[in-house]
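Working notes for the structure below.
The values are calculated or read from the model by the stated rules, or taken from the named source; none is laboratory data. Remember, predicted model here, so these are calculated numbers, not experimental data. Here the Cβ positions follow ideal geometry from the backbone for every residue, glycine too, while neighbour counts run over all protein chains shown. When the accessible area is computed, the model is the full protein with side chains, heavy atoms only, and any ligands, DNA or RNA have been set aside. Shrake-Rupley method; radii C 1.70, N 1.55, O 1.52, S 1.80 Å.
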Amino acid sequence: MNILSIPDLSLSKCLELVDKHFDCQAIVESLIDTDSVIDYYRQSDRGYRLFHSKDGAMHVALNRDEAFTTEGYMGQVDLISQRLEDLNVQQVLEVGCGGGFNAKHLAERLKDCCFTGIDLSESHIRSACKERKGFSNLSFAVGDYQDLQYEDNSYDTVFAVECLCQASNVRQALEEICRVLRPGGRLLVIDCFRSAPLDAYEDDLRRAIQLVEKTMAVDSFAVLEEWLSMADSIGLEIQEQTDLSAEISHNLERFYSLSRRFFKMPRAARAFLKAFPPRLLQNSISGFLMPFTVGNGAHQYFMLELAKKS
């Protein structure tokens, strides 16, 4: 699917509609820190269940076929599971585990691996702990990947799905992950990145990029090349990178359709603005604008495999 064929409106028209309902300048100028991330999920978790995945997936679906299906939420699990099997690992840490969706399915598949999941949100960990019943190879704890409470060289693999982008200090997060990895251990990252610095884009697209990022509780997506250079300087060497942007196109189409309804019905939109938490409603902005940012190549969705240098 051509992602730019999803919207039925121009980018300028979409931005105009967003401006009618939200204080876009305040959103763009907002600072996203750790407290903001926690608050984002506190306000948005109900919406994730209602509009995204009733099973608790908090990431986009990967659909290789011709339509969106909820089976696509298992796409990240499939990719990580295959890597873990190939690497024949024993101790695995998931950072930013949310309610435990990924770790639970992986623990079910790979019974000889021990999985630990950490997340900033106490409510996420309470939900995750309910999911671990019956699993002897799965545990969860409240934790910050920028300050990991684990010994040096204690994990074979660390993986992160759509969460490192929300770090308030990316270098510190990567340094901590590198520290707890054993030499030769792997970091698996599935996340969104910018393809170039912000000033490389024209005004409307630049505005869309900023609004998408802020409304997803991301201060700014890292430029991929710069992120990889930083990781290498810390001691994490890239082994493989796979562009999955085309595989999220059907999910982006669904996001756009849901958001389009909100912006198409001004009276209902005003009612929603009064009834729902602001951060939950701001998700409609990212859903409305991502076909443009991804379609123009400004945002790209990657899986990265990095190895800790010996």
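Side notes on the structure shown:
- Residue check for residue 132: touching a residue at least 12 places away in the same chain (Cβ under 8 Å), out of contact with any helix residue (DSSP H, G or I) (no Cβ under 6 Å at 6 or more places or on another chain), within 27 Å of residue 61 (Cα to Cα) and open to solvent by 20 Å² or more (accessible area, probe 1.4 Å): yes
- Residues of segment 36-56 that are within 16 Å of the chain's Cα centre (by Cα), open to solvent by 20 Å² or more (accessible area, probe 1.4 Å) and of a type in the set (A, V, I, L, M): 38 alone.
Conditions tested, residue by residue: (1) modelled with pLDDT under 95; (2) within 23 Å of residue 62 (Cα to Cα); (3) touching a Cys at 6+ places or on another chain (Cβ under 8 Å); (4) not acidic (Asp, Glu).
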| position | (1), (2), (3), (4) |
| --- | --- |
| 195 | no, yes, no, yes |
| 226 | no, no, no, no |
| 233 | no, no, no, yes |
| 237 | no, no, no, no |
| 250 | no, yes, no, yes |
| 256 | no, yes, no, yes |
| 264 | yes, no, no, yes |
| 267 | yes, no, no, yes |
| 279 | yes, no, no, yes |
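- Test result for residue 60, over 16 Å from residue 280 (Cα atoms), open to solvent by less than 70 Å² (accessible area, probe 1.4 Å) and under 23 Å from the mean Cα position of the chain (by Cα): yes
- Residues in segment 202-218 that are assigned to a loop (DSSP other than H, G, I, E, B) and crowded, with 19+ Cβ neighbours inside 10 Å: 216, 217, 218.
- Residue 229 vs. criteria open to solvent by 20 Å² or more (accessible area, probe 1.4 Å), touching a residue at least 24 places away in the same chain (Cβ under 8 Å) and among the hydroxyl-bearing types (Ser, Thr, Tyr): no
- Top-ranked residue in segment 135-168 [being among the polar types (S, T, N, Q) and under 20 Å from the mean Cα position of the chain (by Cα); ranked as least open to solvent (accessible area, probe 1.4 Å)]: 157
- Residues within segment 115-129 that are assigned to a helix (DSSP H, G or I) and either hydrophobic (A, V, I, L, M, F, W, C) or touching a residue at least 12 places away in the same chain (Cβ under 8 Å) (or both), tallied: 7
- Contacts under 6 angstrom Cβ, first residue in segment 2-28 being open to solvent by less than 60 Å² (accessible area, probe 1.4 Å), partner in a helix (DSSP H, G or I) and hydroxyl-bearing (Ser, Thr, Tyr), 6 or more apart: 3/249; 6/256
- Taking the numbered list (1) without any contact (Cβ under 8 Å) to a residue 60 or more places away in the chain; (2) under 21 Å from residue 247 (Cβ atoms); (3) not small (Gly, Ala, Ser) in turn, residue 176 passes all entries but (2).
- Evaluation of residue 102 against (1) touching a residue at least 60 places away in the same chain (Cβ under 8 Å); (2) within 25 Å of residue 221 (Cα to Cα); (3) assigned to a helix (DSSP H, G or I) (one fails), failing number: (1)
- Residues of segment 173-199 classified as under 15 Å from residue 118 (Cβ atoms) and open to solvent by 10 Å² or more (accessible area, probe 1.4 Å), total: 2
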